Amino acid sequence: MNRTDSAHGASGERTSRYLGVDEAAAYLSLSRRWMYRESQRHGLPRYYFGGNLRFKVADLDMWAQQQKVS
């Protein structure tokens, strides 16, 4: 399954979706611990809703593209 074809629907619908820490970590193949401890230091946009850390799918994709090594 790739990032545009998933159980979450069309890619346009997914980009406005927010993920919890565990979902975001799985999406990026990173650890939950990394998401909590390193995401801010590495410039990954994050949000707090009701005291819960969330990540927007579109932000995750954009950040991942910026990590490209040439």
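The values are calculated or read from the model by the stated rules, or taken from the named source; none is laboratory data. Treat the numbers as computed from the prediction; the structure is a model and nothing was measured. A quick note on method: Cβ atoms are made from the backbone with ideal geometry, for glycine too, and the neighbour counts reach across all protein chains shown.
Would you be able to tell me the number of residues in the stretch 1-56 that are assigned to a helix (DSSP H, G or I) and either modelled with pLDDT of 90 or more or more than 24 Å from LYS68 (Cβ to Cβ) (or both)?
Kept after step one, since they are assigned to a helix (DSSP H, G or I), are these residues of the stretch 1-56: 11-15, 21-28, 32-37.
After this cut, where a residue has to be either modelled with pLDDT of 90 or more or more than 24 Å from LYS68 (Cβ to Cβ) (or both) as well, the list is 13, 21-28, 32-37.
Residues that pass the stated criteria total 15.
What number of residues within the stretch 39-69 are loosely packed, with under 13 Cβ neighbours inside 10 Å and of a type in the set (D, E, K, R)?
Step one: of the stretch 39-69, the residues loosely packed, with under 13 Cβ neighbours inside 10 Å are 40-43, 47-52, 65-69.
Right, trim to of a type in the set (D, E, K, R) and you get 41, 68.
Qualifying residue count, the stretch 39-69: 2.
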